[in-house]
Amino acid sequence: MASLPEAVQKPVTLGERVRAARHALGMSQAQLAGDELTKGFISQVEAGLVRPSLRSLQIIATRLGRSLDYFIGDESIAGAKRRVFHRLAAQAATERHDWPAVRHEATAALGQQAQGPERATLLRYLAAADAAEGKREQAFERLAEAMALVDANSDATELAHLLSARGVLYVDHGQLAAGAESLEAARDVMEQREITDPRLRARTLVHLGTVYRRLNRTVKALATYELALAVASRSSELRLAAQSYMGVAVALYDAGELDGAIGNYQRALGLFERVSDTAVELSVMQSLATVQFEHGDMTAARETVDRCSKRAALAGDVRVGAIVDVLRARIVLEEGDAEGALRLALAAEARLADLGDNRQEADALRVAAAAAHARGDFASSDQAYRKAIELLATIEDHPDLSTLAAEYAQKLRARGDLESAFAYLELARDPAASRPGS
């Protein structure tokens, strides 16, 4: 069968499409080249001898009155470039916690047929957006799909990222043992494969130190935070170094070394101020105030609380503002003003409930319960304690649930309600058990 004339053959390659579009307009190669390009360059493009850059192709497409997609829609190299662009944009959006942008860019890259470890990376970004929006199961599903796409030998760095992300997700939902296991696996992959990514290593170690601290493994927590600090300092990552100082401070606090804890918090705060990370700076100030309060330095604690409250208001951070008010309520209660403490704690609890932060809401209720108990309003105290326990049980935060149940049991025992006190002591020993009265 004779071939169709060029005029009616469907152009396949990029060069053929440029030539067909030029002929359709009756334009010469010199006219298409204009001032920015050359006739020789156009000739080579049409012959398939060179591939134009995206900038040059945009000039050609504009002159021919065609979209860029007309010329590169079937070109694999164009798809690869688009995937890289959207992947990098998704990564940048993840760093700044712009979750709508993460979804848009990662979805666009996945639409360009991303496969293997590249697809796994994009799924990890989407999982981060899911986790931030409270879509826990969807986040776990994305991470599981991503981990099935990577090879432990050739894609070790991405595997370490995924294990670390999964560990953080577990920890955020109170599953500390599973979180520790996943974070330890990420750390082990980095050590075994000699992955030299200081940010990934330092972040993983910071989260792992936090898990150890919450599991009351203080010595291990301190050693892990110090290692994170060394990694972050070597890589000149001020933010990560500050997080590590904060971790060391918390571990020292748990070990009873309050002066050392305060000193490390102050170092962390100084570093966070240098990198202008307001969100984490607020977190450090809030933690510093907590240590000062536990140390018995009410004047310093009040000053830090006031400073943090002002910074939170300027930054428009409602969550941190509410958390700081919970600490302010603790200070007020310690000073004997149970009525003022109750008022502050309940107002903060309402804001945290609106934000859906169950863990911090439970903490606010804990303070409200203690304040109501101090006023002799045992019915309100019981209601607040039990609601806080329900919240912690719902998110399976067993360590905090155990602490709260033990505190409530002490209050009940002091009132002579020994039967209820015993039931909550049992809950403190086994937080995974059914709640009393449930």
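The values are calculated or read from the model by the stated rules, or taken from the named source; none is laboratory data. Note that this is a predicted model, so its numbers are computed, not measured. Every residue, glycine among them, receives a Cβ derived from its backbone with ideal geometry; neighbour counts consider all protein chains shown. The accessibility values were calculated without ligands, DNA or RNA, using every heavy atom of the protein model including side chains. Shrake-Rupley method; radii C 1.70, N 1.55, O 1.52, S 1.80 Å.
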**Item:** Top-ranked residue in the stretch 253-270 [being open to solvent by 20 Å² or more (accessible area, probe 1.4 Å), among the hydrophobic types (A, V, I, L, M, F, W, C) and in a helix (DSSP H, G or I); ranked as farthest from ALA289 (Cα to Cα)]
**Value:** LEU258
**Message:** I'd like the full set of residues that are under 43 Å from the mean Cα position of the chain (by Cα) and at pLDDT 85 or above, limited to the stretch 40-59.
**Reply:** ILE59
**Message:** Given the condition acidic (Asp, Glu), closer than 25 Å to ARG55 by Cα, in contact with a Leu (Cβ under 9 Å, 6 or more places away or on another chain) and open to solvent by 60 Å² or more (accessible area, probe 1.4 Å), answer yes or no: does some residue in the stretch 74-88 qualify?
**Reply:** yes
**Residue among GLU145, GLU137, GLU181 that is surrounded by fewer than 17 Cβ atoms within 10 Å (Cβ to Cβ), assigned to a helix (DSSP H, G or I), touching a Leu at 6+ places or on another chain (Cβ under 7 Å) and at pLDDT 90 or above** = GLU145
**Prompt:** Do we have any residue at all in the stretch 76-88 that's more than 46 Å from the chain's Cα centre (by Cα) and modelled with pLDDT under 85?
**Reply:** no
**Message:** Among the residues that make up the stretch 363-385, is at least one of them touching a helix residue (DSSP H, G or I) at 6+ places or on another chain (Cβ under 6 Å) and not in a helix (DSSP H, G or I)?
**Reply:** yes
**Residues located in the stretch 280-299, provided they are at pLDDT 90 or above and either of a type in the set (A, V, I, L, M) or closer than 24 Å to SER244 by Cα (or both)** = MET298
**Fill in**
Of the residues in the stretch 184-228, those that are modelled with pLDDT under 85, charged (D, E, K, R) and closer than 12 Å to ALA160 by Cβ number 3
**Item:** Candidates LEU208, LEU240, LEU215, LEU176 - the one that is under 18 Å from the mean Cα position of the chain (by Cα), in contact (Cβ under 8 Å) with a residue 60 or more places away in the chain and within 24 Å of GLN286 (Cα to Cα)
**Value:** LEU176
